[in-house]
Amino acid sequence: MQRLAILASGSGSNAEKIMEYFQKSKKASVALIASNKTDAFVLERAKKFQVPTFTFSRKEMQEGKLLEKLKQEKIDWVILAGFLLKIPEDLIRAFPDRMVNIHPALLPNYGGKGMYGMHVHEAVKAAGDESTGITIHLVNENYDDGKIIFQSATAIDPTDTPEDIAQKVHALEHRYFPEVIESLIK
Ligand code: GRF
């Protein structure tokens, strides 16, 4: 039974889909929800699934407190779902090819520092792109740069607002992220 930890800084709608998906799984379970924000709504969602939570500051993460907790909990896979802090290299090295992130655009476009949440969808809208999508990739020492594992696209209508684009992208994330994690674990 593989033990997953999900790192999230905000709402946690992806974390909820993943907890739901693996609730009855014989292959994996979500063993920990960790956040750098003590008021992140993802922590409320974790309560609904009785998944233990852990909060930490950026400083504590850099001091190794998060890595210590992940080892203590015997975590096998680290899933980044809306986690906004840069992951320290020792943490990446501790989970070789076992740390994945989801990005709300078709990388390599609209990736990198500062490219998260609505900033991405506003940039896609401003560029007048006819499609956007999601990218699931392994995490390396550079933002949004690791090996791409999965991508899926959706069409953008000229009348779509950045909020409409965000909704279409979220629908793709919720549809595919849990399944892609399961395929990786296999
Ligand atoms: C998602 O769109 C994800 O791609 C991005 O941050 C957002 C998190 O959404 N990295 P949620 O907190 O899972 O609702």
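Computed from Cα positions, the angle between helix 118-127 and the longest principal axis of the chain comes to roughly 20 degrees. Shape of the chain from the C-alpha gyration tensor: prolate (a/c of 1.5 or more and a/b above b/c, with a ≥ b ≥ c the square roots of its eigenvalues). Name the shape class, rounded, prolate or oblate, that the alpha-carbon gyration tensor gives for region 136-186, where a ≥ b ≥ c are the square roots of its eigenvalues, rounded holds for a/c under 1.5, and otherwise prolate holds if a/b is larger than b/c and oblate otherwise. Judged from the Cα gyration tensor, region 136-186 comes out oblate (a/c at least 1.5, b/c at or above a/b). Taking trypsin sites (Lys or Arg not before Pro) across region 102-178, the ones in a DSSP loop with at most 14 further Cβ atoms lying within 10 angstrom of their Cβ are Lys113, Lys147. Under a 10 Å cutoff between Cα atoms, tell me which one of Val51, Val30, Val139 has the largest fluctuation in the Gaussian network model of the chain. It is Val51. GNM on the chain, alpha-carbon springs under 10 angstrom: the most fluctuating residue among Gln151, Gln23, Gln72 is Gln72. Rounded to the nearest 10 degrees, what's the angle between the helix 162-185 long axis and the longest principal axis of the chain, both from Cα atoms, 0 to 90? That helix lies at roughly 40 degrees to the long axis.
Rounded to the nearest whole Å², what accessible area per residue is found for region 71-186 with the 1.4 Å probe?
Details: 5890 Å² over 116 residues.
Per residue, region 71-186 has 51 Å² of solvent-accessible surface.
Helix 13-22 and the longest principal axis of the C-alpha atoms of the chain enclose an angle of approximately 60°.
Under 1.5 on a/c is rounded, so check that first for region 32-72, then, if it is not, pick prolate when a/b is larger than b/c and oblate when it is not; a ≥ b ≥ c are the square roots of the alpha carbon gyration tensor eigenvalues.
oblate
Annotation note: chymotrypsin sites (Phe, Trp or Tyr not before Pro) in region 1-44 located in DSSP loop regions with a Cβ neighbour count of at most 16 within 10 Å are Phe41.
Of the Cα atoms belonging to region 28-99, the radius of gyration and Dmax stand at 11.8, 32 Å. Applying the criteria of a DSSP loop state and at most 15 other Cβ atoms within 10 Å to the GluC sites (Glu not before Pro) of region 43-151 yields Glu63, Glu73, Glu130, Glu141.
Projecting the Cα atoms of Trp77, Val42, Ala8 onto the charge dipole of the chain, computed from C-beta unit charges around the Cα centre, puts Trp77 farthest toward the positive end. Element breakdown for the chain at a 1.4 angstrom probe: carbon and sulfur atoms account for 50% of the accessible area.
Rounded to the nearest 500, the 222 nm mean residue ellipticity of the chain from helices alone is -11000 deg cm²/dmol, with -39,500 (n - 2.57) taken per DSSP H run of at least 4 residues. Bridges between two residues of the chain, per DSSP, are antiparallel at a rate of about 40%. Peptide packing for 152-158, 100-106 was compared via the average number of neighbouring C-beta atoms within 10 Å per residue; ordered from the highest value, the list is 100-106, 152-158.
The values are calculated or read from the model by the stated rules, or taken from the named source; none is laboratory data. Computed from a prediction, not measured in an experiment: that's the story for all the values here. Using ideal geometry, Cβ is built from the backbone for each residue, glycine included, and neighbour counts are taken over all protein chains shown. Ligands, DNA and RNA are excluded from the accessible area calculation, which covers all protein heavy atoms including side chains. Shrake-Rupley method; radii C 1.70, N 1.55, O 1.52, S 1.80 Å.
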